[in-house]
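To keep things clear, I will list the structure first and then write my remarks on it.
All of the numbers you see were taken from the coordinates with simple rules; none came from a lab. Note that the structure is a prediction, hence the values are computed from the model and not measured. With ideal geometry, Cβ positions are generated from the backbone for all residues, glycine too; neighbour counts draw on all protein chains shown.
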Amino acid sequence: MASMATFFTQTSFPSHSLSKTFDTHFAPSPKVNVFANFPARRHVGVRVSNALIEPDGGKLVELVVRDNSERDLKKGEALSLPRIKLSRIDLEWVHVLSEGWATPLRGFMREAEFLQTLHFNSLRLDDGSVVNMSVPIVLAIDDAQKHKIGDNKRVALFDSKGDPVAILNE
């Protein structure tokens, strides 16, 4: 597997600097003159720390039911609700949402969130802050599924094997 490195080289004419890309193949890189004009700075009182980055919105949204007894209750409840069979891609989105990878979303996007994502590539949170969100995460259903759901406020999501995966609340 080749790795790519980009070097900014200085030509014999300083006003004509070139950008070149070299295929390194993990071999020693060729000697390249790198032009950088950074003033030396001394930072007093700089604090360096390492930690995980804060989730968007400040709090991680995990939707997984961890307790086995509660999980069994939720599965039983799902069996009594109208069902939506998930495609493989929909199931992957449930996974992303449930583990908090799409924080601050608490489920599939509603219309307002969907439109913000399409038009602004971001979501505006209740506190006025903005979170980058360029990919819409939606559960598309057809008219037959919508008719089957009716006025129910809760719907069970099932995988292709017929196992309950999640409960979608209004």
- State the number of lysine pairs found in region 34-168 whose Cα atoms come within less than 29 Å, restricting to pairs 8 or more positions apart or on distinct chains. 20
- Size of the dipole of region 81-122 about the Cα centre, Lys and Arg at +1 and Asp and Glu at -1 on the beta carbon, nothing else charged, in debye to 20? 180 debye
- Query: In the neighborhood of Gln116, defined by Cβ-to-Cβ distances under 14 Å, what is the net charge if each Lys or Arg adds +1 and each Asp or Glu adds -1?
  - Reply: -2
- Total charge dipole magnitude, region 127-170, about the Cα centre, Cβ charges on Lys, Arg, Asp, Glu only, Debye to nearest 20: 120 debye
- Dipole magnitude of region 62-162 about its Cα centre (Cβ charges: Lys, Arg +1; Asp, Glu -1), debye to nearest 20: 320 debye
- Note on the structure: Arg66 neighbourhood, Cβ < 13 Å, K/R = +1, D/E = -1, net charge -3
- Query: Once the piece of chain linking Leu115 and Asn50 is laid out straight, how much longer is it, given 0.36 nm per residue of separation minus the C-alpha distance between them?
  - Reply: 19.8 nm
- Positive-end extreme of charge dipole, region 76-170 - chosen from Val94, Val131, Ala156 (charges on Cβ): Ala156
